[in-house]
Amino acid sequence: MPGAAVDDEFGRLDVLVNNAGIALGWAPPSETSVDDVRGTYAVNVVGLVAVTNAMLPLLRRPAAGRIVNVSSELGSLTRQQDPSSPFAGQLPLVAYSSSKTAVNGVTVAYAQELAAAGIKVNAVNPGYCATDLNGHSGYLPAAEGARVVVRAALLPPDGPTGAFFTDGGTLPW
């Protein structure tokens, strides 16, 4: 049974952070292979749904469970189209960016379903952190990027659900 170890040890789950992510297909969209898109979605989207569904029984036990989905500003359709965004002129990563857009859509769907149960579901953008995903080329240390994750995990009962946060506030979908 998924979550059995958490159930045996704690009997509930207060916070689920879905942070797994890969970026395959570092090529123009027209040259990105279907296998790279499939592989990216398998981890970034399908994996997130599988883990969330497996942990939902445990998340329903506390008074106010939290789900934090780590997304990316590259998943914001608004920012992708904004010529003044920091991503203007960069190579569009069709597999990664669209998978994070899908994560944002999945976040909204779970937030709508779970709102009545008091479970807050939000997406966060930690920023361009130095991690294995980017060969540690990010300009932020991972600990700094984690701040927005922690804030979303510790939202009060009157906090938002179905939102997309960055360290500087809310991002557009």
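The values are calculated or read from the model by the stated rules, or taken from the named source; none is laboratory data. None of the values given here were measured: they were computed from a predicted structure. As a convention, Cβ positions derive from the backbone with ideal geometry for all residues, glycine included, and neighbour counts pool all protein chains shown. To get the accessible areas, we keep the full protein, side chains included, count just its heavy atoms, and leave off ligands, DNA and RNA. Shrake-Rupley method; radii C 1.70, N 1.55, O 1.52, S 1.80 Å.
Checking Thr161 against (1) at pLDDT 95 or above; (2) out of contact with any strand residue (DSSP E or B) (no Cβ under 8 Å at 6 or more places or on another chain), only one condition comes out false. Which one?
(2)
For region 20-42, which residues satisfy the criterion of being of a type in the set (A, V, I, L, M, F, W, C) and surrounded by 14 or more Cβ atoms within 10 Å (Cβ to Cβ)?
Ile22, Ala23, Leu24, Ala27, Val37, Ala42
Listed residues Ala54, Ala23, Ala50, Ala63; which is within 20 Å of the chain's Cα centre (by Cα) and assigned to a loop (DSSP other than H, G, I, E, B)?
None of the other options fit; the residue is Ala23.
Across region 71-92, what is the total count of residues that are out of contact with any helix residue (DSSP H, G or I) (no Cβ under 7 Å at 6 or more places or on another chain), open to solvent by less than 70 Å² (accessible area, probe 1.4 Å) and over 20 Å from Ala146 (Cα atoms)?
Of the residues in region 71-92, 2 are out of contact with any helix residue (DSSP H, G or I) (no Cβ under 7 Å at 6 or more places or on another chain), open to solvent by less than 70 Å² (accessible area, probe 1.4 Å) and over 20 Å from Ala146 (Cα atoms).
Let me confirm something: among Pro83, Pro92, Pro62, which residue is within 21 Å of Asn19 (Cβ to Cβ) and modelled with pLDDT under 95?
Pro62
Of these, Val49, Val68, Val17, Val45, which one is open to solvent by 50 Å² or more (accessible area, probe 1.4 Å) and modelled with pLDDT of 95 or more?
Answer to the selection: Val17.
Filtering region 1-14 down to residues that are charged (D, E, K, R), in a helix (DSSP H, G or I) and open to solvent by 80 Å² or more (accessible area, probe 1.4 Å), which residue is farthest from Val150 (Cα to Cα)?
Asp8
In region 1-42, what residues are in contact (Cβ under 8 Å) with a residue 24 or more places away in the chain, closer than 20 Å to Leu93 by Cα and not small (Gly, Ala, Ser)?
Asn19, Ile22, Leu24, Trp26, Pro28, Pro29, Thr32, Asp36, Val37, Thr40, Tyr41
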